[in-house]
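Have a look at the structure below before the remarks.
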Amino acid sequence: MAVDPKMKLSQIIEVLDQLAEDTSVPRNIRRGATEAKTRLEHPTEPMDVKISGAIAKLDDLANDPNIPMHGRTVIYRIITELENVLKLISK
């Protein structure tokens, strides 16, 4: 069964929304999650560019020393899923 990259991206965007609304993570992390979401929703950029930009932003957030462990885990899961979508679209 083939996975639709656009469907997967919409699921990832939902998780980014949840992270952006999670008051247990610092404000800069929530803001960064919103920026990554905005990057993924950009209408004119190629999908691989959008995903790469979002991964770079999320990687910066994951390395923030103030992020709680559960927030870092969510970010790493999102990065993994985005990398999987990149693999799907590059086939």
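Read the figures in this text as sums done on the coordinates, not as results from a lab. Worth saying up front: this structure is predicted, and the values here are computed from it rather than measured. Please note: Cβ atoms are built from the backbone with ideal geometry, for glycine as well, and neighbour counts cover all protein chains shown.
Our summary gives region 5-89 a relative contact order of 33 percent, counting only alpha carbon pairs under 8 angstrom and 6 or more residues apart.
In a fully extended conformation the segment linking residue 17 and residue 86 would gain 22.8 nm over its present Cα-Cα distance, using 0.36 nm per residue.
Lysine pair count for the chain (Cα-Cα distance under 16 Å; residues 8 or more apart in sequence or on different chains): 11. Between the amide H of residue 22 and any residue lying 5 or more places away or on another chain, no distance stays under 5 Å, with hydrogens modeled in the peptide plane.
Find the percent of Cα-Cα distances in the chain that exceed 18 Å, and round it to a whole number. Tail fraction, whole percent: 38.
Please report the spacing between the Cα centers of region 1-54 and region 73-91 in Å, no decimals. After rounding, the separation between the Cα centres reads 11 Å. Axis of helix 27-40 versus longest Cα principal axis of the chain: the two differ by about 10°, to the nearest ten degrees. In a reduced charge model with +1 at each Lys and Arg Cβ and -1 at each Asp and Glu Cβ, region 11-58 shows a dipole moment near 220 debye about its Cα centre.
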